[in-house]
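This report refers to the structure that appears directly beneath it.
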Amino acid sequence: MEQRLRGRVILVTGSTTGVGEATARRCVAEGAQVMVHGLEEEWARAVCADLDDAARYLICDLGDPANCARLVAATVEQFGGLDGVVNNAALTTRSNLESTDAAFFDRMVAVNLRAPLLIIRAAVTEFRKRGRGTVVNIGSINGLAGEENLLAYSISKGGLTTLTRNLANALAAERIRINQLSLGWVATANEIALKQREGLPPGWEKNVPRAYAPTGRILAPEEVAAHVAFWLSDDSAPANGTVYELDQFSHIGRNVTKAF
């Protein structure tokens, strides 16, 4: 595997499972040292055990704003600096207009939108010491409009897109690049289990109607991780403020009748 991230220190939020875990593993495979973050210490230990000295972890809730700077500081303390951030941690709790009250909305925005902002704010201080830095925000195609049962989530991801483009412009002169991957449907363990609880049969993720996935399956976390590693690396330069939709078809003008 290419060593595009050799010698770099990368913070990956929400990296004890799913896309974040796959990203942490990919970054280490490409030569980086990685700070793993999540809410379940047992899961974090398991990931770091596989990655040996290349990884450390911190357990904290990014809904608490103080933990955002704390996570960056812990990364620097463990590895001596910071070169890149992947803002992957997010709540995906379902909600519609009737179920989205003020408390629910505030919690969703705190984790999905405010935390990436505060992490970048703390990380920029470290990037300036390096003379460069790279951020990859993990967005969603739901930020374009979103499913009817993902109202608050979709709003938070729409805001993340604006954050990405605004800060990319603001920080470009300092060689700090901020890009975003807006993901389509991904076959994380959590998503597979959720859909089974909602009534889909085991193996549904590999037998998806063509209207939703022309290949007949949805994205694997490892496929997303390969893209994240590219956007963290110098191979993606000079792209900055790019919002890249990672899915199997264009969502612009697409109208899919719900059938799955």
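Structure notes:
- In region 144-158, the residues that are free of Cβ contacts under 8 Å to residues at least 60 places away in the same chain form Cβ pairs under 6 Å with partners that are among the aliphatic types (A, V, I, L, M), at six or more places apart or across chains, as follows: 152/108.
- Sole residue being in contact with a Lys or Arg (Cβ under 8 Å, 6 or more places away or on another chain), in a loop (DSSP other than H, G, I, E, B) and crowded, with 24+ Cβ neighbours inside 10 Å, chosen from 91, 62, 5, 82: 82
- Test: residue in region 173-183 that is in a loop (DSSP other than H, G, I, E, B), under 17 Å from the mean Cα position of the chain (by Cα) and under 20 Å from residue 18 (Cβ atoms): no
- In this structure, residue 197 does not satisfy being touching an Asp or Glu at 6+ places or on another chain (Cβ under 9 Å) and surrounded by fewer than 21 Cβ atoms within 10 Å (Cβ to Cβ).
- Residue among 66, 73, 55 that alone is of a type in the set (A, V, I, L, M), touching a Cys at 6+ places or on another chain (Cβ under 7 Å) and over 18 Å from residue 138 (Cβ atoms): 55
- Among the residues of region 123-142, the ones that are touching a residue at least 40 places away in the same chain (Cβ under 8 Å) and either buried (at least 20 other Cβ atoms within 10 Å of the Cβ) or of a type in the set (Asp, Glu) (or both) come to 12 in all.
- Exactly one residue out of 123, 152 is part of a helix (DSSP H, G or I) and within 29 Å of residue 237 (Cα to Cα): that is 123.
- Among the conditions (1) assigned to a loop (DSSP other than H, G, I, E, B); (2) of a type in the set (S, T, N, Q); (3) touching a Ser or Thr at 6+ places or on another chain (Cβ under 8 Å), the only one that residue 100 does not satisfy is (3).
- Positions within region 8-52 being of a type outside the set (Ser, Thr, Tyr) and either part of a loop (DSSP other than H, G, I, E, B) or at pLDDT below 95 (or both), in sequence order: 8, 14, 30, 31, 32, 39, 40, 52
- Number of the exception - residue 135 against (1) assigned to a helix (DSSP H, G or I); (2) closer than 23 Å to residue 233 by Cα: (1)
- Cβ-Cβ under 9 Å pairs, at least 6 apart or on other chains, region 165-176 side within 17 Å of residue 117 (Cβ to Cβ) and free of Cβ contacts under 8 Å to residues at least 12 places away in the same chain, far side among the aromatic types (Phe, Trp, Tyr) and in a helix (DSSP H, G or I): none
- Hits in region 33-46 (condition: within 17 Å of the chain's Cα centre (by Cα) and closer than 14 Å to residue 11 by Cβ): 34, 35, 36, 37, 38, 44
- For region 8-59, taking the residues that are in contact (Cβ under 8 Å) with a residue 60 or more places away in the chain, within 20 Å of residue 191 (Cα to Cα) and among the β-branched types (Val, Ile, Thr), the one that is surrounded by the fewest Cβ atoms within 10 Å (Cβ to Cβ) is identified as 17.
- Flag for residue 241 being surrounded by 12 or more Cβ atoms within 10 Å (Cβ to Cβ), closer than 24 Å to residue 114 by Cα, free of Cβ contacts under 8 Å to residues at least 40 places away in the same chain and not hydrophobic (A, V, I, L, M, F, W, C): no
- Taking (1) touching a residue at least 40 places away in the same chain (Cβ under 8 Å); (2) in a loop (DSSP other than H, G, I, E, B); (3) exposed (fewer than 15 other Cβ atoms within 10 Å of the Cβ) in turn, residue 235 satisfies each apart from (2).
The values are calculated or read from the model by the stated rules, or taken from the named source; none is laboratory data. Note that the coordinates shown come from a computational prediction; the quantities given were computed from them, not determined experimentally. Counting neighbours? That spans all protein chains shown, and the Cβs are built from the backbone with ideal geometry, glycine included.
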